[in-house]
Amino acid sequence: MGRPTTYYGTDDLELVKRMLSGILSCTKQEAGKLARKSCPYEVEKLASVFRKASEDMHKWSDFVLAKVPREAWVKGPGDVDQISPHRAASLRYLSKDPLPGDALKKSEHLRFRQWLFEKLVENMGENDKKQYRGMLKWVPHDTLSDSGLLSFPLSSDTALGHNLLYLEGLMDKKVSIYESKWVASCGWPETETIPAEVTRRCSEEALDRLGSVIERWHKESQQASDPNSLLALAGANLSANRILLEYAAMEARGSEAAKMTVDFVCEMNRLGVNEVPMVMDGHDADLAAKVLRDLLTAWFGHGGSMLDSGPFFERVMNASDIDIAISWSQQLQESYIRSRGGRGGPEQARAIHGGSNNLFIFAIAVVGAFYTKARTPYEFTGHKNPNYAVFPARSEVARGNRQSPPAHAEQLLLQAYGQLFFANSGWGLSAERIHTHAETASIKRSHVQQLIYTAVKNRTSGELLTLHGQLQDDRERSEQERKLNA
């Protein structure tokens, strides 16, 4: 009797075990068991994809946000499980158009990510290709009905990846619904921030509810008993890991924002600024910008009243600094309104966050970055220093760069605004409750990570195909309803 056909060697198996343990968030032993149970040719095919990836791009798994090892889970704020916001986490795929810096180099990351998914599908057997091609097909960001993606030229991803973002949106809407029910049930004033403990409880309820729905989908899966496709599993988990690591990056920016905001607002309070100045109230966009310019100049320009009040305000903001502060504040305000528009609609988001007083709070965040000399990690690697200044250097501005905040700087500043706005009543400016709000936001991010993890990790490829189909159907129904109601 001849020897059975061997499709892979020990080196192939060891490579697959090592890479899959990070991609699937399991141990090497568990990855080995999956590999041995799968179709033998898949181990060799997957190993060849990993080797080719390593040849084409050094540290490719970091660049494409490929790995979320099991040990990445830690206890975060509120003693809630979350993925550690380590340096591999990045918002690079949420860089805006136009891309800052070397756009060609940055787009290489996206092209490589697309190549990786195409190779995974290309190396499948014919039956698996028919099953999983739709789930792992590459979907350009500008072909979806989601207008929010149009500003992010690197946000293209697999069909499953986009559907997992839709699941993330469902979580946010569910939290908002529970909060609205609570407000209605107790007559809570609309002008007051919902208590942190209520938001945390609503987030837990949303996680439990959506988690139950996902478990039901998995149990009803018709493909759950089919043999696992290692290539499909790798692709599905790669789709999820990008989202998980983006949330980890948001978590890191939130911590940076809280420290910056508390330091700056405490200094402003010390000098008697405890609320948005009355002079900012009730203006249209053009007049608000003019009043803001006059105010920042009077406080921080040459001879400004805030200067020489101590070592914190030693630096003078020149005209170009103030120009950047106003321009960025306007851009951040529009970006925040678009991101919040998914909750109560763009009109409601603009009514709440689109006023002249809101513009001042955005400016507080930007000027805070100037005076605290806040820094944040680069979105893309390859720089001499790992971090850059959130507020741009004057030399950069003079060369026409940094006209808009890069992804990490923007995320930090948006969270600083949220911390200031939601931690205070009315138009107050106090640092007292900023850490409480930052912790609540962190817990909500942790719950989204847990939901994505529950949906994707430790699942068969058949279960993940069912998850993709259910989310796709729900998404299409939602889009149809939106068009009918438009």
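As a length-normalised measure over Cα pairs under 8 Å and 6 or more apart, the relative contact order of region 251-325 settles at 19 percent. Go ahead and collect, in residue order, the members of region 356-380 whose backbone nitrogen is under 19 Å from a label point 7 Å along the Cα-Cβ direction of D62. In region 356-380, the label zone of D62 (backbone N under 19 Å from the point 7 Å along Cα→Cβ) covers 376-380.
Binning the alpha carbon pair distances of region 212-334 at 10 angstrom intervals from zero yields the distribution 10, 24, 24, 12, 11, 12, 7, 0, expressed in whole percent. Short to long, the 5 Å bins of the Cα pair-distance histogram for region 294-359 hold 4, 17, 20, 16, 13, 12, 10, 7, 3 percent of all pairs. Once the chain from E481 to R70 is taken as fully extended at 0.36 nm per residue, the excess over their C-alpha distance is 144.0 nm.
Rolling a 1.4 angstrom probe over region 321-428 with all protein chains present gives an accessible area of which 50% lies on carbon and sulfur atoms. Shape analysis of region 257-406 yields a ratio of the Cα radius of gyration to the Kirkwood radius, Rg/Rh, of 0.97. Between N269 and E44, the FRET efficiency estimated from the beta carbon spacing at R0 = 51 angstrom works out to 0.20.
At most 16 other Cβ atoms within 10 Å and a DSSP loop assignment: could you name the GluC sites (Glu not before Pro) in region 295-379 that fit?
Working: sites: E314, E334, E347, E379; in loops: E314, E379.
Here the GluC sites (Glu not before Pro) that fit, given the DSSP loop and packing criteria, are E314.
Computed extension gain for S180 through K33, at 0.36 nm per residue and net of the alpha carbon distance, reaches 48.2 nm. Projecting the Cα atoms of P77, S395, S54 onto the charge dipole of the chain (Cβ charges, centred on the Cα centre) puts S54 farthest toward the positive pole. Taking only the Cα atoms of the chain, the radius of gyration and Dmax are 24.3, 94 Å. Computed per residue of the chain from DSSP H runs no shorter than four, each worth -39500 (n - 2.57), the mean residue ellipticity at 222 nm is -21500 deg cm²/dmol.
Per residue, the chain exposes an accessible area of 46 Å² to a 1.4 Å probe, with every protein chain left in place. With q set to 0.10, 0.14, 0.19, 0.20 Å⁻¹, the log10 of I(q)/I(0) for region 348-486, from the Debye formula over equal scatterers at the Cα positions, is -0.58, -0.96, -1.13, -1.16. Amide H contacts of R375: V390, each under 5 Å away and 5 or more positions distant or on a separate chain (H built 1.01 Å from N in the peptide plane; Pro and chain starts excluded). Computed packing ranks the peptides 264-271, 469-476, 354-361, 241-248 as 241-248, 354-361, 264-271, 469-476, most packed first, by mean other Cβ atoms within 10 Å. When the Cα positions of C266, A31, W182 are compared along the charge dipole of the chain, A31 comes out farthest toward the positive end, with charges on each C-beta of Lys, Arg, Asp and Glu. Contact order, relative form, for region 20-124: 31 percent (alpha carbon pairs under 8 Å, 6 or more residues apart, mean separation divided by residue count). Taking the alpha-carbon distance from K290 and a cut-off under 16 Å, which aspartates and glutamates remain once sequence neighbours fewer than 8 residues away in the same chain are dropped? Hits, sequence-local ones excluded: D281, D321, D323.
Placing +1 on the Cβ of every Lys and Arg and -1 on the Cβ of every Asp and Glu, with nothing else charged, gives region 310-369 a dipole about its Cα centre of roughly 300 debye.
Counting only complete DSSP H runs, which helices of the chain cover 27 Å or more along their long axis at the Cα atoms and score a mean Kyte-Doolittle of 0.0 or above? Result, helices passing both filters: 159-186, 230-270.
The values are calculated or read from the model by the stated rules, or taken from the named source; none is laboratory data. Worth saying up front: this structure is predicted, and the values here are computed from it rather than measured. So basically every Cβ, Gly included, is an ideal-geometry build from the backbone, and we count neighbours across all protein chains shown. What goes into the accessible areas is simple: the full protein's heavy atoms, side chains included, and nothing from ligands, DNA or RNA. Shrake-Rupley method; radii C 1.70, N 1.55, O 1.52, S 1.80 Å.
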